[in-house]
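Data first, discussion second: the structure below is written as structure tokens.
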Amino acid sequence: MKNLTSLIAVLAIAALTVSAALSEIEQMKADLIGHTMGGREKTWKFQSTDQIKQLVIKSRVEDGRRQVCLLALQLQATNATERYAAEAKVEYWRTPTGWKVDHVGLLSLKKME
Amino acid sequence: MKVTATCQSGSLEGNSKTAQAVGALLCCLLVSGCKTPKEPELGEPLAELTPEQQAQFRAGQDVFDRVFTPETGLGPLFNSVSCAECHEDPVRGGTGDEVEVHATRFTSPGACDELFDKGGPVIQQDATELLKAIGILKEQVPAKAAQARRSTPPLFGFGLVDGIPDSTILSHEDPYDRDHNGISGRANRAIDGRVGRFGRKAAVATLFDFNAGAFPQEQGVTTPLSPVEETINGTPVPPETDPARDPEIPLADIEKVTAFTRFLAPPPRQHFTNFLDAHLARRGERLFAELKCAVCHVPKMKTGPSPIKALDRKTVALYSDLLVHDMGPALTDICLGQALPSEFRTEMLMGLRFREHFLHDGSAESVEGAIERHGGEAARSRDKFKALDKKDKKALLKFLETL
């Protein structure tokens, strides 16, 4: 019985951790909407979370006022077949209402096979 | 009976009511004529800008003129040291004599590799002394890539073009030529799916996007949106060749240049004052429609609602549908976005008379020469032009001199 309780506790913690990570990813996707990175033919404007096929937070550095996240992304436009692998640097600033994305920098872009 | 009317006094002499009415009407016309805002000259800002917007235009002009050095961000790879170095003829914001090299790889119909991981489609033709010192003089066209030459486009009126709703552009699409006129334009798309309109292949969606990319790709100047240097065919630049700290300009500088280009007025039309030229130009305008040139070179579009009065629901005489069309094998070069190698966006003809070289690569020395090199969907119009008698050909060219 004791073992079962422990197993349930471990599973619950794991589920909560995964859920928190997922919600963090979803939150970050939502934060990007409306922002543009790159320029000219290499521009990506985040229009909907559906276009972000994959988002991995590679690193996060935070001080009191600023937070910089490096992301690995897979992007695909609605109704398009091409998918792009991108690396992006997202800079957040602390505002009275919480963290807000200041800008998104495109570090690299590659069309996926 | 003598009737006089002046703007200043509004005085009328004469007794009859008719004379008074005519005089009042004349005065009103004169007064309203006095109040008509002067059409901006080439290189001037749009009329109706607020003092604050005029200040934004001037601040953007300063960034447009700024000459970058390696210490302030130039390079290591670059095409030009400032925006104004290329966009200079006949005034700031215009065209220039530089011809760029662009390259992409067309893999199959509908599949274009813009070579983003090989340095991107813009092949920088110059390098700073620091980069040259290690033997790199410029970027190379990647193996198996097709290449194209691109002249500098004039920027006049681009803010109005930016303000045209996507729906207006899409309303001109006819990808399957359902009206059987031999012309089947379609909108190109940016890689993120938005409707494209800027660039010779219409692969860029907005004026801001274009300016944001011009700094890193043309001048090697990094920005918060592109915070790493353009690579040398995919290889990062050696750090010792790049003395300026990234990003080399703030976001505000992109916004300033965008304000300058957004508020740059479209070129003024030429109105012939002598009867013969005016008559010829009118005849030429009719021929322009009869030859179906105007199917692609759509004379006018209207901007959408804008909080900026000078851009709010304004008519812009761009003479383009902003769609890409097959121009035939003779002009075929590179793919870009969804545009095939043979497809080009209909060139905007506004300001045509201020240009000295024509077509996307500046290879035509005259308007007539450019028309004669149209092919593909434009072949029928070209053939009709070539079949015109001397007088009609002169009329059509005279009309184009008004643009």
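The values are calculated or read from the model by the stated rules, or taken from the named source; none is laboratory data. Nothing here was measured: the structure is a model prediction, and the numbers come from that model. Quick reminder, even Gly has a Cβ in these numbers, built from the backbone with ideal geometry, and neighbours come from all protein chains shown.
Take the residues of the range B:110-125 that are in a loop (DSSP other than H, G, I, E, B) and of a type outside the set (A, V, I, L, M, F, W, C): which is surrounded by the most Cβ atoms within 10 Å (Cβ to Cβ)?
Restricting to residues being in a loop (DSSP other than H, G, I, E, B) and of a type outside the set (A, V, I, L, M, F, W, C), the top hit is B:121.
Identify the single condition in (1) within 20 Å of residue A:76 (Cβ to Cβ); (2) facing chain A (nearest Cβ under 7 Å); (3) surrounded by 24 or more Cβ atoms within 10 Å (Cβ to Cβ) that residue B:196 does not satisfy, given that it satisfies every other one.
Going through (1) within 20 Å of residue A:76 (Cβ to Cβ); (2) facing chain A (nearest Cβ under 7 Å); (3) surrounded by 24 or more Cβ atoms within 10 Å (Cβ to Cβ) one by one, residue B:196 breaks only (2).
Is there any pair linking a residue in the range B:106-125 that is at the interface with chain A (Cβ under 9 Å from one of its Cβ atoms) and within 15 Å of residue A:86 (Cβ to Cβ) to one that is outside any strand (DSSP E or B) and hydroxyl-bearing (Ser, Thr, Tyr), with Cβ under 8 Å and at least six apart or on different chains, and which?
That search, which allows pairs on different chains as well, returns nothing.
Among the residues of the range A:53-82, what is the count of those that are within 13 Å of chain B (Cβ to nearest Cβ), assigned to a loop (DSSP other than H, G, I, E, B) and touching a residue at least 12 places away in the same chain (Cβ under 8 Å)?
Qualifying residue count, the range A:53-82: 4.
Out of curiosity, is residue B:85 within 25 Å of the chain's Cα centre (by Cα), assigned to a helix (DSSP H, G or I), in the same structural domain as residue B:150 (by TED's automatic domain parsing) and of a type in the set (D, E, K, R)?
Yes: the conditions hold for residue B:85.
Within the range B:147-169, restricting attention to residues that are among the hydrophobic types (A, V, I, L, M, F, W, C) and more than 10 Å from the chain's Cα centre (by Cα), which residue is surrounded by the most Cβ atoms within 10 Å (Cβ to Cβ)?
B:160
Restricting attention to the range B:200-223, does a residue exist that is of a type in the set (Lys, Arg) and within 12 Å of chain A (Cβ to nearest Cβ)?
yes
Restricting to the range B:231-252, count the residues that are more than 23 Å from residue A:102 (Cβ to Cβ) and either assigned to a loop (DSSP other than H, G, I, E, B) or touching a strand residue (DSSP E or B) at 6+ places or on another chain (Cβ under 8 Å) (or both).
9
Step by step: first the residues of the range B:154-191, then only those that are touching a helix residue (DSSP H, G or I) at 6+ places or on another chain (Cβ under 9 Å) and of a type in the set (Gly, Ala, Ser), then the one that is nearest to residue B:85 (Cα to Cα). Which residue is that?
B:159
Looking at the range B:31-72 only, could you name the residues that are modelled with pLDDT under 95, charged (D, E, K, R) and farther than 20 Å from residue B:311 by Cβ?
Listed by number, the list holds a single entry, B:35.
Has the range B:275-292 got at least one residue that is of a type in the set (Phe, Trp, Tyr), more than 12 Å from every other protein chain (Cβ to nearest Cβ), surrounded by fewer than 23 Cβ atoms within 10 Å (Cβ to Cβ) and assigned to a loop (DSSP other than H, G, I, E, B)?
Checking the range B:275-292: not a single residue is of a type in the set (Phe, Trp, Tyr), more than 12 Å from every other protein chain (Cβ to nearest Cβ), surrounded by fewer than 23 Cβ atoms within 10 Å (Cβ to Cβ) and assigned to a loop (DSSP other than H, G, I, E, B).
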